[in-house]
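Presented below is the structure to which this report refers.
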Amino acid sequence: MRIIVLPVLDQQIRSAGTSTYLVPELVHASGAYDDWLRELVRKLA
């Protein structure tokens, strides 16, 4: 899995392929990111 953090105003995590995700900086710095990442790892397990 590859996660790319981007400096953008958008606050939506987007898939950029089968295992690559584009994550806005504001989301990465929030609790929402932790929740999203936890759920993603559960799906992959």
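Any read-out appearing in this document is the output of simple, stated calculations on the displayed coordinates, not a laboratory observation. Not measured: the values here are computed from a predicted model. For neighbour counting, all protein chains shown are included, and Cβ atoms are generated from backbone atoms with ideal geometry for every residue, glycine included.
Summary of values
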item	result
Distance-filtered residues of segment 16-35 - backbone nitrogen under 16 Å, label point 7 angstrom along Asp10 Cα→Cβ	16-18, 20-28
Projected area, mean over directions - segment 2-44, Cα convex hull, nm²	2.8 nm²
The chain - mean residue ellipticity at 222 nm from DSSP helices (-39,500 (n - 2.57) per run, n ≥ 4, rounded to 500)	-11500 deg cm²/dmol
Taking the chain and dividing mean pair separation by its residue count, relative contact order in percent (alpha carbons under 8 Å, at least six apart)	33 percent
Degrees between helix 31-44 axis and first principal axis of the chain (Cα, 0 to 90, nearest 10)	30 degrees
